[in-house]
Amino acid sequence: MGPITTAHYLVLSAILLLIGVVGILTRRNVIVLMMSIEIILNAVNVNLIAFSRNLDQLDGQVFAIFVICVAVAEAAVGLGILIALFRNRETVQVDEIDLLKW
């Protein structure tokens, strides 16, 4: 088995991106949608760190930490909204959430 190269990281990132996109397109549960978004953000982070390592620069790693911070904030706000929505509607299915429809 040879050394792990940037191509391996890119393949891993593509697989994570594919799993996230399939999760968003096929599921209607809000929690699964949020997890799929997190998987997509992690695919981006793998790419950033792989290219940062390949180019011997720290910019990608710093930006990956920034993406992780934004993802944590997004998850906190999203879960708060989801809990409030569940208390009012008692569902987490996207199809049944129609508060903004006329």
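Restricting the first member to region 66-90 and to residues that are on the phi > 0 side of the Ramachandran plot, and the second to residues that are at pLDDT below 95 and among the acidic types (Asp, Glu), no beta-carbon pair is closer than 8 Å while six or more apart or on different chains. Inside region 15-43, can you point out the residues that are farther than 19 Å from residue 68 by Cβ, out of contact with any Gly (no Cβ under 9 Å at 6 or more places or on another chain), of a type in the set (Val, Ile, Thr) and without any contact (Cβ under 8 Å) to a residue 60 or more places away in the chain? Those that are farther than 19 Å from residue 68 by Cβ, out of contact with any Gly (no Cβ under 9 Å at 6 or more places or on another chain), of a type in the set (Val, Ile, Thr) and without any contact (Cβ under 8 Å) to a residue 60 or more places away in the chain: 15, 21, 22, 24, 26. Within region 56-84, the set of residues being among the hydrophobic types (A, V, I, L, M, F, W, C) and closer than 13 Å to residue 9 by Cβ comprises 64 only. So which residues in region 4-14 are among the aliphatic types (A, V, I, L, M) and without any contact (Cβ under 8 Å) to a residue 12 or more places away in the chain? Passing the criteria: 4, 7, 11.
The values are calculated or read from the model by the stated rules, or taken from the named source; none is laboratory data. Nothing here was measured: the structure is a model prediction, and the numbers come from that model. Neighbour counts are summed over all protein chains in view; Cβ atoms, including those assigned to glycine, are modelled from backbone coordinates with ideal geometry.
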